[in-house]
Structures are given as C-alpha cells and as structure tokens.
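The values are calculated or read from the model by the stated rules, or taken from the named source; none is laboratory data. Please read all numbers here as calculations on a predicted model, not as lab measurements. Note: ideal-geometry Cβ built from the backbone for every residue, glycine included; neighbour counts use all protein chains shown. Just the protein is used for accessible areas: all its heavy atoms, side chains included, with ligands, DNA and RNA removed. Shrake-Rupley method; radii C 1.70, N 1.55, O 1.52, S 1.80 Å.
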Amino acid sequence: CGHEMTHGFDDVGREYDAVGDRHGWWTPQVLANFKSRASCIEDLFASYHLYGRHVNGKLTLGEAIADSGGIKFAWEAFLEAHRPDLIARRLFFVAMGQTWCEKQDEKGARAALLTDQHPPARFRVIGTLSQFPPFAEAWSCPTGSAMNPA
C-alpha cells in the first residue's frame, strides 16, 4: 500500500494533480529539492550491476522511490501496531528481504535490465535498506559500511 501511495509522488506521479490532470503543480523550490534527492537514488541504483551490465537508474527511478516510501510506511505501521523488540525489528527486515527472494536466469535478467522499470530484486532490497537508518540501527551496521553509508 505504501509503495503504491508513494508512486503519486515519484518521478512520474508528481506531475499529476489531485484530480488526475497532468501539469506541474510543485513550486520551483520543491521541484529542485525533489530532483536533487531523486538523483541520489538514480545514481545509487545505476551503481549496481548484474552480469556485467549496470542497472538503468533513470528507468528504475520510480520503482526505487516507491520502494523507499513503501518501507517507510510499512515501518511506521509496524512500530505503531507492535511496539517491537530488537528481534522483531530484525525479523521485519528479514521478511522484507524474503519478499524479493527469486531466481532468474541470466538471459531473463539481462533483458530485464534493458526494459523493466523495476530494479532487479536483490537491489530492491540492498538499495532500499542501505538508505534506511532503522535497518542499520537494528543490525548495528557500522557507519560508512555498504548497508549504512555515510
């Protein structure tokens, strides 16, 4: 649910107003801030590679933004509903990772890199969680590590 809601504010959804008309409705400053932050996500996903090819950060940007928003929505709902201890917080992230557990052959993966708006599953996990401080806190990831970059 949070993932889909976030699409309303991603690189495409942000162009539509409350009644579904397509036109820019964000102020220039809000748009500049969005583009700056979105470029960080685009660059992060473009840094990942699979079978010698880089993920297309621009193509996958909307889904990467929605994954980021979705984990935030889900995390807040989880905290509110369960008041979790450390083990439960860790299991939340394990469950998120298992959601994207898959096996794909090389030919299909290479084709997806060219056409699929969704990042490869492993990067949906790594990319999203590496930018989510509660993950680093739950797993005690050192600052500056791959899963808790500075």
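Here are the numbers:
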item: Length added when fully stretched, N33-D17, from 0.36 nm per residue minus Cα-Cα; result: 3.9 nm
item: Estimated vicinal HN-Hα couplings, Hz - the stretch 48-56 in sequence order (Karplus 6.51, -1.76, 1.60; Gly, Pro = x); result: 7, 9, 9, 6, x, 10, 7, 5, 7
item: Accessible-area value, T27, 1.4 Å probe, nucleic acids and ligands omitted, Å²; result: 70
item: Neighbour-limited loop hits for GluC sites (Glu not before Pro), the stretch 50-150 (at most 16 other Cβ within 10 Å; DSSP other than H, G, I, E, B); result: E102
item: Under 12 Å from the W139 label point (7 Å along Cα→beta-carbon), backbone N, the stretch 61-102; result: 90-98
item: Hits among lysines - C-alpha to C-alpha of K35 under 16 Å, sequence gap 8 or more where chains match; result: K58
item: H82 paired with H3, simple spin-label distance in nm, labels 7 Å along Cα-to-beta-carbon; result: 1.8
item: Accessible surface of H49 - all protein chains present, 1.4 Å probe, nearest 10 Å²; result: 110
item: Computed helical MRE - 222 nm, the chain, DSSP H runs ≥ 4 contributing -39500 (n - 2.57), nearest 500; result: -18000 deg cm²/dmol
item: Global geometry of the stretch 1-47, whether rounded, prolate or oblate, following the gyration tensor of its Cα atoms and the 1.5 cut on a/c; result: oblate
item: Overall Cα dimensions of the stretch 89-150 - principal axes, largest extent first, Å; result: 37, 24, 17
item: Rg/Rh ratio calculated on Cα atoms of the chain (Kirkwood radius); result: 0.99
item: Whole-number percent relative contact order across the stretch 1-135, with pairs defined as alpha carbons under 8 Å at least 6 apart; result: 29
item: With all protein chains modelled, accessible area of L114 [1.4 Å, Å²]; result: 120
item: Candidates I65, I87, I41: whichever shows maximal mean-square fluctuation once the chain is modelled as a Gaussian network with Cα springs under 10 Å; result: I87
